[in-house]
Amino acid sequence: MVQKSPRSRPAGESASTDHANSQSASAEALIDANQQNIEALMEANDAMVTGLTKLGEEMVTFGNARVNAQMNRSVSLLKCGDAQEAFQVNSEFFQEATKQYLDEANNLLTLMAKMTTDFWRPLETRTNEVLHDQGDDER
């Protein structure tokens, strides 16, 4: 019976060197993966901050427009000659305000949907990369 000889190693290389090299490669792979994860999280964070900023700006702009409309209505009411005219001014004001509030709700929902999509996109991309890499490792 012929016995197989252990794999020959270059001078100075030992099993502990193989183990250390393996650990070093594993650590580098982990660091690289963590860096990619952090980059995806930072990109998601940037998307959220950008989205929240746009949302805030939209709400401030809308709020200012509503305050101005209220002040204009007050001026119009002061100019009314009778109760019928004041009722008409108020009726038009509330009809327009209702329409504007509904439009604003739609605008805010659109901005929130975009913010949510933009937030999850880098995380979804990174997850797909990891799953793809996992599939490659299993083959």
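The values are calculated or read from the model by the stated rules, or taken from the named source; none is laboratory data. Computed from a predicted model, the values in this text were never measured in an experiment. Cβ placement follows ideal geometry from the backbone for every residue including glycine, while neighbour counts extend to all protein chains displayed.
Restricted to segment 31-51, and to residues there that are within 21 Å of MET112 (Cβ to Cβ) and either of a type outside the set (A, V, I, L, M, F, W, C) or touching a strand residue (DSSP E or B) at 6+ places or on another chain (Cβ under 7 Å) (or both), the residue that is surrounded by the most Cβ atoms within 10 Å (Cβ to Cβ) is GLY51. Condition first: under 30 Å from PRO122 (Cα atoms), at pLDDT 95 or above and small (Gly, Ala, Ser). Can you find one or more residues in segment 102-109 that meet it? Yes, segment 102-109 contains at least one residue that is under 30 Å from PRO122 (Cα atoms), at pLDDT 95 or above and small (Gly, Ala, Ser).
Matching residues to (1) assigned to a helix (DSSP H, G or I); (2) surrounded by 10 or more Cβ atoms within 10 Å (Cβ to Cβ):
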| position | (1), (2) |
| --- | --- |
| GLU57 | yes, yes |
| VAL60 | yes, yes |
| ASN64 | yes, yes |
| SER76 | yes, yes |
| GLY81 | no, no |
| GLN84 | yes, no |
| VAL89 | yes, yes |
| LYS99 | yes, yes |
| ALA105 | yes, yes |
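Contact map, segment 25-41: residues that are within 10 Å of ARG126 (Cα to Cα) paired with residues that are assigned to a helix (DSSP H, G or I) and polar (S, T, N, Q), Cβ distance under 9 Å, separation 6+ or inter-chain. Pairs shown: ALA40/THR125; ALA40/THR127. Here is the figure for segment 108-139: residues that are among the small types (Gly, Ala, Ser) and under 18 Å from the mean Cα position of the chain (by Cα) total 1. Scan segment 108-119 for residues that are surrounded by 14 or more Cβ atoms within 10 Å (Cβ to Cβ) and of a type outside the set (Lys, Arg) and the total you get is 6. Scanning segment 90-101 for residues that are over 20 Å from LEU52 (Cα atoms) and either under 25 Å from the mean Cα position of the chain (by Cα) or not small (Gly, Ala, Ser) (or both) gives ASN90, GLU92, PHE93, PHE94, GLN95, GLU96, THR98, LYS99, GLN100.
Kindly evaluate GLU124 against the criterion of being of a type outside the set (S, T, N, Q) and over 20 Å from MET48 (Cα atoms). When the stated conditions are applied, GLU124 does not pass them.
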